[in-house]
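Following: one structure in structure tokens, then a few remarks.
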Amino acid sequence: MNIDHEVKLLVEEIQRLGETNASGQMTVKFGVLFSDDRCANIFEALVGTLKAAKKRKVVNYDSEMLLQGVHDNVEIVLLQA
């Protein structure tokens, strides 16, 4: 898969699993994304896709790296749909 397509799929999954925050932005916790069966089947490297999406300013999160367990409660904010 090409990375732009994976980022597009990531946006769809964040919209499916996320909630709207007080600022009106869609957010989802990393642990929710990581443990979701559908996401596990779509993304070979979820962390890499998230990093690419962050670089493209599609999402934002407060950690340099995301690791299962340690960063399960990190909020991933969708900046553009």
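The values are calculated or read from the model by the stated rules, or taken from the named source; none is laboratory data. This structure is a prediction, so every number in the text was calculated from the model and none was measured. Here Cβ is always computed from backbone atoms with ideal geometry, including for glycine, and neighbour counts include all displayed protein chains. Heavy atoms of the whole protein, side chains included, go into the accessibility calculation; ligands, DNA and RNA do not. Shrake-Rupley method; radii C 1.70, N 1.55, O 1.52, S 1.80 Å.
Among A52, A22, A40, which one shows the highest mean-square fluctuation when the chain is modelled as a Gaussian network with alpha-carbon springs under 10 Å? For the chain, modelled as a Gaussian network with Cα springs under 10 Å, the answer is A22. Probe radius 1.4 Å, ligands and nucleic acids ignored: give me the carbon and sulfur share of the accessible area of the stretch 15-76 as a rounded percent. Accessible surface attributable to carbon and sulfur in the stretch 15-76 totals 47 percent.
Each helix, a run of at least 4 DSSP H residues, gives -39500 (n - 2.57); summed and divided by the residues of the chain, these come to -13000 deg cm²/dmol at 222 nm.
Could you give the accessible area per residue of the chain, probe 1.4 Å, as a whole number in Å²?
62 Å²
Hey, quick one: spin label on D37, modelled 7 Å out along Cα-Cβ, who in the stretch 1-22 has an amide N within reach, i.e. under 19 Å? Residues passing the 19 Å test: 13-14, 16-18. Counting lysine pairs in the chain whose alpha carbons fall under 14 angstrom apart, excluding pairs fewer than 8 residues apart on the same chain, gives 4. Accessible surface comparison of K57, K51, probe 1.4 Å, protein chains only, largest first: the order is K57, K51. Need the C-alpha centroid separation for the stretch 66-81 versus the stretch 1-36, integer Å. Answer, in whole Å: 9. With the largest listed first and rounded to whole Å, the semi-axes of the equivalent ellipsoid of the chain from the Cα gyration tensor are 16, 15, 13. Length gained on full extension, N73 to R16: 18.7 nm, using 0.36 nm per residue less the C-alpha separation.
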